[in-house]
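Following: one structure in structure tokens, then a few remarks.
The values are calculated or read from the model by the stated rules, or taken from the named source; none is laboratory data. This is a predicted model, so every value here is computed, not measured. Cβ atoms come from the backbone with ideal geometry, glycine included; neighbour counts cover every protein chain shown.
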Amino acid sequence: MTDMAASRAGGRGSQRVWSLGALFASPALLFAAFVVVPLLALALRGWQDGQVADRLTSSFVLHALQLSFVTSTLSLAIALVFGIPAAYLLARARFPGYRLLTIIVELPMVLPPTVAGVALLVAFGRRSFIGSTLDEAGISLAFSTTAVVLAQLFVSAPFLVRSLQAGFEAIDPTFEDVSRTLGISELRTFFRVTLPLARPALLSGAVLCWTRALSELGATLIFAGNFEGRTQTMPLAIITAFESNAGLSGAIALSLVLLVVALVLLVAARFVTRGHRGAL
Amino acid sequence: MIVADIQKRLGTFELDVQFDADHETVVLFGRSGSGKSRTLAAVAGLMRPDSGRIAIAGRTVYDGASRIDVAPQQRNLGLLFQQIAVFPHMTADENIAYPLTGWSAEARDRRVRELKELLRIEDLGARYPAQLSGGQQQRVALARALARPVDGLLLDEPFSALDEGLRGDLRAELLRLRSDLDVPVICVTHDLREAHLLADRIAVIEAGRTLQFAPRGEVFQHPASRQVAELTGVRNIFAARGLGGSRVELDGVAFEVATPVAAGATLDVAIRSERCLLRRIEPGEALPPNCFVAEITSELAFGSTYTLRLDPVGPGPTVEAEVSSHPYDVLGIATRKRWVVELPANDLHVMQAS
């Protein structure tokens, strides 16, 4: 029945779109070109350079690569631990101030990352109340790898929470009621029914969160600084390379790595989500 | 045995229902918004009442006074929802096995096989819900609800999302299962025919109250009030006045009834449309008792039955009569409009006016 509905909609759709298709084709193609051309240029320059592999094996690059992958994965892990319960509460619980909380959670998504960096520095920096207290305990946050993770977490976690909240909201609570009447506890119900049903939202949210953490620059630069091996992630390494002797060619090599990673992830996420739908 | 006494305030709506179910099928019957589904949710533990008491198989699962409130997962009931709620991310087998936690793989497989046989879905185990029809999905849901040994089965409009044909199949299936189940079954429905088919006893619920809770025949033949009569599909309800003895007067005609009435009492008298008789009398013959003359002013053909509207010629009430197609043809109702209508004393049900 759904197949029939889909084919009917498709049939109607293709009839209508045809006239609009011609009208919309030019702006759409121009926009596609605008996205594709710089990326192609990047790939082409890397090809012409011929030394991409060499540049990528310098210790400076390897450090940045390693740091980036470790910190963004850690950020995602922390975001999952705190974000899954938060997203579920925002989707299901109706408490006073929940609207305000939703806005606050989404705020870092629209906030310039540099502002986030300044805010983090003011709150957790050495001279802040929290920072100085931690300092006395022998923990220094600012300009450490921990600071990198905190900066990434701050700007990237909302992407996970936002996506998951929408995912949870789309699940009929009847499924959870059914599970409970079948003798399954609420916590088990969450892990056996709710979370699996939210899997597409979880996956896309996780991909968004991880890639956003990977590309984090502004907040990291201000809150964590730019120290090779400690806080210099890939985006910071690109800036550093761009401003150093290596110049543009170093930046191109690093950019290519991030581009490939982003592409692979996006395709993989699509593939996994579709696989799930197919099973449905 | 399930015993329920539930009070709950929801905004301006007040729920106050009492019923019990032994090893029988009790139907909670009412219109949508009457509170019957909420009553079921309270029994299942999905809605907490403000006060009252609910006991399942001798165990108190809710008591407002002593603050007992057992979680739904510990009430040991099977619940079938109106929305077909099989888990879309599990196969039919996985759905049915879902409640069987702590069972050995072997015992679980055996149980799943048994249930699939019982519900005649042996071949569908490996399929996902999206690959099943609505009726098959509801069978999977029913198998899942019955997988554990339960102390009661709750059905919330379980067939309303299905096509008419499938609905009939599943009702028959439920009647067949009913004899093996040996637990109370509580079924919520707004469908009069479904209520009649499934119920041993019926609780008629309207605006949050139990209007009548009685065996099926009692509710249908002797509705407790005009409201119950209306809800259970009685189309002829008249305001009447007691004449003493066992006689009432309605719309200027005296009728004999089966129960004694006080003279001057304000009454409601009801008769189901299939009980109104059409008769012919010889010209010049006096009208027999409980009869008046009327004319057919409209008729609706429903295939196997005809519904006739009869307006009185002279004194008497306007009645709706239902005639099967065979007598309709034999009597020649299509060509003759003026009839003597008899409302038999035994079918005239007298109620106190509300």
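For B:Arg167, the stated conditions do not hold, so it cannot be described as under 22 Å from B:Val43 (Cα atoms), more than 14 Å from chain A (Cβ to nearest Cβ) and not aromatic (Phe, Trp, Tyr). Counting only residues that are buried (at least 21 other Cβ atoms within 10 Å of the Cβ) and more than 16 Å from A:Leu265 (Cα to Cα), which one in the range A:201-220 is nearest to the other protein chains (Cβ to nearest Cβ)? Per the stated criteria, the residue is A:Glu216.
Within the range A:174-200, if we keep just the residues that are more than 7 Å from chain B (Cβ to nearest Cβ) and more than 17 Å from B:Met90 (Cα to Cα), the residue that is surrounded by the most Cβ atoms within 10 Å (Cβ to Cβ) turns out to be A:Glu186.
For every residue, the table says whether it meets (1) within 19 Å of B:Gln83 (Cβ to Cβ); (2) under 15 Å from the mean Cα position of the chain (by Cα); (3) not acidic (Asp, Glu).
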residue	(1), (2), (3)
B:Thr12	no, no, yes
B:Asp16	no, no, no
B:Asp20	no, no, no
B:His23	no, no, yes
B:Arg38	yes, no, yes
B:Ala41	yes, no, yes
B:Gly45	yes, no, yes
B:Ser51	no, no, yes
B:Gly58	no, no, yes
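Among the residues of the range B:242-254, is there at least one that is acidic (Asp, Glu) and either under 21 Å from B:Phe220 (Cα atoms) or part of a strand (DSSP E or B) (or both)? Yes, because at least one residue in the range B:242-254 is acidic (Asp, Glu) and either under 21 Å from B:Phe220 (Cα atoms) or part of a strand (DSSP E or B) (or both). Can you spot a residue in the range A:143-166 that is of a type in the set (A, V, I, L, M, F, W, C), under 30 Å from B:Ala44 (Cβ atoms) and either more than 10 Å from chain B (Cβ to nearest Cβ) or buried (at least 18 other Cβ atoms within 10 Å of the Cβ) (or both)? Yes; the residues of the range A:143-166 include at least one that is of a type in the set (A, V, I, L, M, F, W, C), under 30 Å from B:Ala44 (Cβ atoms) and either more than 10 Å from chain B (Cβ to nearest Cβ) or buried (at least 18 other Cβ atoms within 10 Å of the Cβ) (or both).
Let's see how each residue does on (1) crowded, with 17+ Cβ neighbours inside 10 Å; (2) modelled with pLDDT under 95; (3) among the β-branched types (Val, Ile, Thr):
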| residue | (1), (2), (3) |
| --- | --- |
| B:Ser34 | yes, yes, no |
| B:Ser51 | no, no, no |
| B:Val61 | yes, no, yes |
| B:Gly64 | yes, yes, no |
| B:Phe87 | yes, no, no |
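Only helices (runs of 4 or more DSSP H) whose full extent lies in the range A:167-257 are considered here, and the ones with at least 1 residues that are under 18 Å from the mean Cα position of the chain (by Cα) are A:199-214, A:218-223, A:234-243. Evaluate the range B:97-114: report whether one residue or more is free of Cβ contacts under 8 Å to residues at least 60 places away in the same chain, within 29 Å of the chain's Cα centre (by Cα) and within 13 Å of chain A (Cβ to nearest Cβ). No, because not a single residue in the range B:97-114 is free of Cβ contacts under 8 Å to residues at least 60 places away in the same chain, within 29 Å of the chain's Cα centre (by Cα) and within 13 Å of chain A (Cβ to nearest Cβ). For the range B:158-210, the set of residues classified as modelled with pLDDT of 85 or more, part of a helix (DSSP H, G or I) and in contact with a strand residue (DSSP E or B) (Cβ under 7 Å, 6 or more places away or on another chain) consists of B:Ala195, B:Leu198, listed by residue number. Please determine, by comparing only the residues of the range B:66-85 that are of a type in the set (Gly, Ala, Ser) and surrounded by 17 or more Cβ atoms within 10 Å (Cβ to Cβ), which one is farthest from the other protein chains (Cβ to nearest Cβ). Looking at the filtered set, the residue picked out is B:Gly78. Would you confirm whether any residue within the range B:118-136 is more than 14 Å from every other protein chain (Cβ to nearest Cβ), assigned to a helix (DSSP H, G or I) and free of Cβ contacts under 8 Å to residues at least 12 places away in the same chain? Yes: the range B:118-136 contains one or more residues that are more than 14 Å from every other protein chain (Cβ to nearest Cβ), assigned to a helix (DSSP H, G or I) and free of Cβ contacts under 8 Å to residues at least 12 places away in the same chain.
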